[in-house]
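This report refers to the structure that appears directly beneath it.
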Amino acid sequence: METILKIEQVKKYYGDSGLITKALNGIDFTVEKGEFVAIMGASGSGKTTLLNCISTIDTVTSGYVLINQKDITQMNEDELSDFRRTELGFIFQDFNLLDTLTIEENIALSSIINHQNENDIEKNVSEIATRLGIEGILKKFPYEVSGGQKQRCACARALIHSPKLILADEPTGALDSKASRMLLETMMQMNQELKATILMVTHDAFSASFVTRVLFLKDGKIFNEIRKGEKTRKEFFDEILDVLTLLGGDVDLVK
Amino acid sequence: MLILLNKLAIRNVKRSIKDYVIYLITVTLAFSFLFALNLISNAKEVLELSDIMENFKFVMIVVNIIFVFIICFLINYTSKFMFQKRSKEFGTYLILGIKKNQITNLFTLENFLLGIFSIILSFPLGYFISILLSFAMMNIFELPTLININMTIQSVFLTILSFSLIYFFVLFFLRKRMKKLKIYDLLYFEKQNEKTKIPPTMRHYGFLCSLILGVAAFLLFDAQFKNVGQEPSMAIILISLFFIILSIYGVTVTLSDFLVKMILKKKKRKYKKDYLFITRTFSSKIKTMSFTMGTLTVLITLTLIALNVSSLMKGMFEYQIKRRAPYEMIISKTDMDFSEHLNKIKENYTITDQFIYQDYQDTNNNIKMKIQKEELQGWKKFDEIIKLSDINTLLSLQQKETMHINNNEFSILCSKEMEKELKKQEIQQITLTNGITLQQKEIKSDGYFQNLSFGLGYIIIVPDETIKDLPSNNSHLILNTKEKTTEEFAKELLLLSNPDFCEKNDYGYEICYSLANLVVRGQEIANNKGMLTICSFVCFYIAFIFISVVGTILAIQSLSDSTKYKYRYTVLKKLGVKKEAIQKTILKQLSLFFLFPIIYPFLVSFFSLYSMNRIFQISLETNTIYISYFMMNFVLFLIIYFIYFLTTYFGYKKNIEE
Ligand SMILES: Nc1ncnc2c1ncn2[C@@H]1O[C@H](COP(=O)(O)OP(=O)(O)O)[C@@H](O)[C@H]1O
Ligand SMILES: [Mg+2]
């Protein structure tokens, strides 16, 4: 098995003298190639902070973050920029698509930046779009399509350059339940058919039941971890609910 | 890669043109004004004036520099605003792996393209604005022409030069700011709190210190206008202006803490009505944007001062005309026969008022002997006298109060300069050449005009019957007409008069001069336009520019706030706060926001005008007319300001309700 992500003793403190918030207080875990991992926890438990530290959006106070055997805490700005472009894919709660580009151009942007051949890019885009069921809206602008379609466009954008790791922060947060379900199925398909490694932050059990492993976060520390294994989705969902009851806090049980 | 970025930049400009409308309008207007200012300062009339008056040239240079600074500030401000709007987009670029350098280049390029687009638009627009304003001023001064605006290479060149300088600095600071930003800041821009950087100790004493600095600056300024005849030093005036500006910034930056301390100190007051809420929101508002607020306050101060100076100049011009030509025409002759003139005038004009009177000589020279100041001693050899009934007709034609004197009394009507001198002398009693002795009733200047006693500066008014046996001097025809008189007609009339003296010029032509025989208002206005009118025009123009800048900043600021605070209002709505209540809150906040920056300027502009009036009053119609100038200007300002306020309010409401 190939380790894609290795987190060692990561700490992140906010604020200076006086009031310090320990958002992450010593976290260790690894993600193997081909895994679909969810991070759960009450709001304020440090989920976003953790994801930001992994995604190089934020810096850690101490500890190491190794992605594909490379320590991102030691890289300079330019190296990080190249690293993000080639090794990482992002899906945000509020899509973060560029309004001035069409869906097609949004998906293709990182490939264009990577100097890929134009014909290859076009082929890739249409292939991924067909897989994710958005081939019909490629020429439209983000404001002309629904939230679910936007989020699947974001998935396609994250997938296009076959990154080592895809990071998603509450991707269903801005969607209704039907669109959420469709998106989660899409992500599952990305994981199973395209072998994408995905790390997703969520605070609802329904979303988490689609993944292969769930990590529970409490007060900046890993509290528990469960695997899906051979269980059905319903069984896995119930198990997640049980852990959440133990965990306490304001976690949405059902979407 | 670069090619892609260029494409993206051009696309962004094209596609997000709606977002960029505010930016474009601001920058285009700013450069239009700059270009118009350059057109005006390069107009022939203004250049000539600069040749005569060193100070004027100096002032124009200072104004140009200040204006370039203001535009720099304005464009910097607007591009910051644009940057905020797009921070998330840039964050997304970074996330996708585009290097920060490239994004910085992209935004720089966009700004530059927009700048180029704006400056091209601003040439025709600026030209149009300058013509429009010049036309407006022409009407205000009732002049046939004031300034001829010509597209000159110099003004185009100067504008382009300023553009390059401004964009160099704006883009330089923009890049510096962008280099410092992290992805996190860009992606989570909206969630960040704005911070103040002023240390608390400075904030405590800052308010009082700034106020003291303001008072000191005023005293320094005031000292320049203490004595009539002493030329105010331009350098010291500018220094005091600089101190005032410093003081304004100081007060704005420190006021919020002071307010909170004063208003919320008493517990009783703290929880009365919505004091707490309004004080807190308002003070946090000024705190986060104290620099912008300071700049606004400075600009409003400059607007009001420029308007006041413009009014003073205009007032001087009007008074000058009133002193020389209070009626459309004055024709003086040694005999009473004006039929030739009247025929000529009736051919061209409709006469509305017509009056003929005579003045008389008194060789006892009761008054003439008393005048000590050399420059006030006229060249006429005798005192001049006018009948009470005649002067009252003349005064009522000017809409002035008539005079009353008893049978044994006399009065003197004279110029302002003469009034001061005569009031110093003992002239209680005079005896005319016909032996009649009269007591002094009063000495006044209101309603005096030059031709009433040309070459003397004063005239004695006596009861009608006391005039008997005195030799008459000249006869005068006073006319008002329905149509305005012109310079050309004055020349035609001149041909009918007996010239005072004639001389042959170098080419052998005979040129005749007629000093006092003929005064035509149209000609006086044309001859007297010059320094005063042009200075007044330039000040008016500057005021116009400043107020436009103020309005733009306020509008952009509130509109960007409304987008930012939309979330807050959505929360309020969800909490069940009624729509009307929210609107009321917005109205209250905006009113405070608009009201705050006019308090200090109100005081500064009034007191500076009060000081300046001490020197100017001698050339103004009355000593207190400056108060009415001040009121008029302030009201004019408020009207324009109010239009901006309404626009902003409705824009704000619309943005939030969307
Ligand atoms: N920029 C920040 N400055 C200070 N504290 C922060 C910042 N971001 C997050 N925090 C704090 O860190 C903790 C974890 O936040 P976050 O990671 O956003 O939680 P979650 O995403 O799980 O809801 C919270 O207590 C939050 O208040
Ligand atoms: Mg979060």
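What residue, among those in region A:193-221 that are of a type outside the set (Lys, Arg) and on the phi > 0 side of the Ramachandran plot, is nearest to ligand 1 (Cβ to nearest atom)?
Taking region A:193-221 as the starting set, the residues that turn out to be of a type outside the set (Lys, Arg) are A:193-194, A:196-212, A:214-217, A:219-220.
Remaining after also requiring on the phi > 0 side of the Ramachandran plot: A:219-220.
Working: A:Asp219: 9, A:Gly220: 7 Å.
Checked region A:193-221; the qualifying residue nearest to ligand 1 (Cβ to nearest atom) is A:Gly220.
Per this entry, B:Ile71 is not counted among residues that are within 30 Å of A:Ser111 (Cβ to Cβ) and crowded, with 20+ Cβ neighbours inside 10 Å.
Every condition in (1) surrounded by fewer than 14 Cβ atoms within 10 Å (Cβ to Cβ); (2) among the hydroxyl-bearing types (Ser, Thr, Tyr); (3) touching a residue at least 40 places away in the same chain (Cβ under 8 Å); (4) within 10 Å of ligand 1 (Cβ to nearest atom) is met by A:Ser62 except one, and the failing one is (4).
Quick grid of which residues meet (1) hydroxyl-bearing (Ser, Thr, Tyr); (2) outside any strand (DSSP E or B):
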| site | (1), (2) |
| --- | --- |
| B:Ile331 | no, no |
| B:Glu340 | no, yes |
| B:Ile345 | no, yes |
| B:Thr352 | yes, no |
| B:Gln358 | no, no |
| B:Asn365 | no, yes |
| B:Met369 | no, yes |
| B:Glu375 | no, yes |
| B:Trp379 | no, yes |
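Considering only residues that are within 11 Å of ligand 2 (Cβ to nearest atom) and surrounded by 24 or more Cβ atoms within 10 Å (Cβ to Cβ), look in region A:35-45 and name the one that is nearest to A:Gln93 (Cα to Cα). Show your work before the answer.
So the first thing to find is which residues in region A:35-45 are within 11 Å of ligand 2 (Cβ to nearest atom), and the list is A:39, A:41-45.
With surrounded by 24 or more Cβ atoms within 10 Å (Cβ to Cβ) added as a condition, the list becomes A:39, A:41, A:45.
Numbers: A:Ile39: 15, A:Gly41: 16, A:Ser45: 17 Å.
In this case the residue turns out to be A:Ile39.
Applying a threshold of 8 Å to beta carbon distances and a minimum spacing of six or more residues, or different chains, the list of pairs starting in region A:159-184 at a residue that is at positive phi and in a helix (DSSP H, G or I) and ending at one that is buried (at least 18 other Cβ atoms within 10 Å of the Cβ) and acidic (Asp, Glu) is empty. Among residues of region A:71-96 that are at the interface with another protein chain (Cβ under 7 Å from one of its Cβ atoms), those with a Cβ under 9 angstrom from a residue that is part of a strand (DSSP E or B), sequence gap 6+ or separate chain, pair up as A:Arg84/A:Phe90; A:Phe90/A:Ile166; A:Phe90/A:Leu167; A:Phe90/A:Ala168; A:Phe90/A:Asp169; A:Asn96/A:Phe90. Checked against the criterion of being within 16 Å of ligand 2 (Cβ to nearest atom) and of a type in the set (Asp, Glu), the candidates A:Asp169, A:Asp242, A:Asp176 yield just one match: A:Asp169. Across region B:566-578, not a single residue is classified as out of contact with any helix residue (DSSP H, G or I) (no Cβ under 9 Å at 6 or more places or on another chain), under 24 Å from B:Gly214 (Cα atoms) and free of Cβ contacts under 8 Å to residues at least 60 places away in the same chain. Each residue in region B:592-613 was checked for being under 17 Å from B:Ile553 (Cα atoms) and free of Cβ contacts under 8 Å to residues at least 24 places away in the same chain, and 1 of them qualify.
Out of all the residues in region A:46-56, which are more than 11 Å from ligand 1 (Cβ to nearest atom) and within 12 Å of chain B (Cβ to nearest Cβ)? Across region A:46-56, the qualifying residues are A:Ser55, A:Thr56. Inside region A:14-40, residues that are of a type in the set (Ser, Thr, Tyr) and more than 6 Å from ligand 1 (Cβ to nearest atom) make up a count of 2.
Scanning region B:357-375 for residues that are surrounded by fewer than 17 Cβ atoms within 10 Å (Cβ to Cβ) and in contact with a Phe, Trp or Tyr (Cβ under 8 Å, 6 or more places away or on another chain) turns up B:Thr363, B:Asn365.
Scanning region A:106-119 for residues that are more than 9 Å from every other protein chain (Cβ to nearest Cβ) and either among the acidic types (Asp, Glu) or more than 30 Å from A:Asp176 (Cβ to Cβ) (or both), we see that the one that is surrounded by the fewest Cβ atoms within 10 Å (Cβ to Cβ) is A:Asn119.
Criterion first (assigned to a helix (DSSP H, G or I), at pLDDT below 70 and not assigned by TED's automatic domain parsing to the domain that holds B:Gln450) does B:Arg323 satisfy it? Spelling it out, it is not the case that B:Arg323 is assigned to a helix (DSSP H, G or I), at pLDDT below 70 and not assigned by TED's automatic domain parsing to the domain that holds B:Gln450. One residue stands out in region A:65-96 among those that are in contact with a Phe, Trp or Tyr (Cβ under 9 Å, 6 or more places away or on another chain) and of a type in the set (A, V, I, L, M): the one that is farthest from ligand 1 (Cβ to nearest atom), namely A:Met75. Against the list (1) modelled with pLDDT of 90 or more; (2) within 16 Å of ligand 1 (Cβ to nearest atom), the condition A:Ser43 fails is (1). Within the option set A:Glu32, A:Glu2, being away from chain B (no Cβ under 13 Å), surrounded by fewer than 16 Cβ atoms within 10 Å (Cβ to Cβ) and under 15 Å from the mean Cα position of the chain (by Cα) holds for one residue only, A:Glu32.
The values are calculated or read from the model by the stated rules, or taken from the named source; none is laboratory data. Predicted model, so just to flag it, every value in this text is computed and none were measured. Don't worry about glycine lacking a Cβ; one is built from the backbone with ideal geometry, like all the others, and counts go over all protein chains shown.
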